[in-house]
Amino acid sequence: MSGSELYERFMALHAREGGLVMPNAWDGVSALILADAGFEAIGTSSAALAATLGRIDGRHSVTGEEHLDHAHLLGRLTGLPVNGDFEDGYGETPGDVAATVDSAVTRGLAGIGIEDTTGNPDGPIRDFDDAVSRVRSAVTAAKRRIVITARTDNFIQGRPDLDDTIRRLTAFAEVGADVLYAPFPPDLESLVAIVAAVAPTPINVLISPADQVLTVTELQKAGVKRISLGPALYTHAMGALEQAAKALLAGDTATATTGISFDRLSELLAREP
């Protein structure tokens, strides 16, 4: 499938009534489980990927090439559109971001996220003009061959400024971003304000607003077009592993060895995409 065909396929999921739920996988088997469950697209999670490698997210600890290999694997195994959670685009300059987008197209990704983050905890959010320039460069490189999700991390970086968040998202839409994203707005009222301000550009939500976990139906009623989970499924799985480890330490081998069978793993790995 060509990049333009993959672009149209992925965007059609956003345009339909209700949009889509796009869970995030962290390895081959998790991607296969999500595909087998019936999801129509999956995302990577920079946080989950970094954790699987023993690294911290958001500090440029995972290379662009590592993430591209990871995303390509998920797509090859499942045959689903894969959206890459590519932090700040893996580059200091807008030209570097464009190169990352080109590489993502070559590796068969359906979408790529570009954040306004810096990787520097002392100044985590880029200046407005720099952030917009990077999204513009990504869109120019994409040429409608890959879906560009432009993201501002104001809310999760201690900058609870709704006006600036809307200003950034609106500017990203004006330079051609296909999907917009501001993780964890403080409440439903703020989420609805964001959706209204940038309409008709689709909005992605990470799980829910910060103050309460809403159902898929409630988020759809608010106008959300894509729901992602970030590292939530990974941490859910790690929570189960932690409980199994505690049970094993206490001598309870039965509790520690529940889960899907090896036969089920083999069945998933033999699945034709």
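The values are calculated or read from the model by the stated rules, or taken from the named source; none is laboratory data. Quantities reported herein were computed from a predicted structural model and do not represent experimental measurements. In this analysis, Cβ positions are derived from the backbone assuming ideal geometry, glycine residues included, and neighbour counts consider all displayed protein chains. In case anyone asks, the SASA skips ligands and DNA or RNA and just uses the protein heavy atoms, side chains included. Shrake-Rupley method; radii C 1.70, N 1.55, O 1.52, S 1.80 Å.
Of the residues making up region 111-130, none is over 30 Å from ASP164 (Cβ atoms) and assigned to a helix (DSSP H, G or I). Out of THR235, THR253, I need the residue that is open to solvent by 70 Å² or more (accessible area, probe 1.4 Å) and within 30 Å of VAL147 (Cα to Cα). Which one? Criteria check complete, one pass: THR235. Of all residues assigned to region 108-125, at least one qualifies as being open to solvent by 30 Å² or more (accessible area, probe 1.4 Å), at pLDDT 95 or above and either within 21 Å of ASP27 (Cβ to Cβ) or under 18 Å from the mean Cα position of the chain (by Cα) (or both).
Mind listing just one residue for me: the one in region 15-57 that is in a loop (DSSP other than H, G, I, E, B) and open to solvent by less than 40 Å² (accessible area, probe 1.4 Å) and, of those, nearest to LYS221 (Cα to Cα)? Selected residue: GLY18. Taking region 8-31 as the range and being under 21 Å from MET238 (Cβ atoms) and either more than 17 Å from the chain's Cα centre (by Cα) or small (Gly, Ala, Ser) (or both) as the test, the residues that pass are ALA25, GLY28, VAL29, SER30, ALA31. A count restricted to region 231-259 and to residues that are in contact (Cβ under 8 Å) with a residue 12 or more places away in the chain, assigned to a loop (DSSP other than H, G, I, E, B) and small (Gly, Ala, Ser) stands at 1.
Screening ALA222, ALA245 for residues that are open to solvent by less than 20 Å² (accessible area, probe 1.4 Å) and either more than 28 Å from ARG126 (Cα to Cα) or hydrophobic (A, V, I, L, M, F, W, C) (or both) leaves exactly one candidate, ALA222. Restricting attention to region 58-79, the residues that are in a loop (DSSP other than H, G, I, E, B), open to solvent by 30 Å² or more (accessible area, probe 1.4 Å), touching a residue at least 12 places away in the same chain (Cβ under 8 Å) and out of contact with any Gly (no Cβ under 6 Å at 6 or more places or on another chain) add up to 2.
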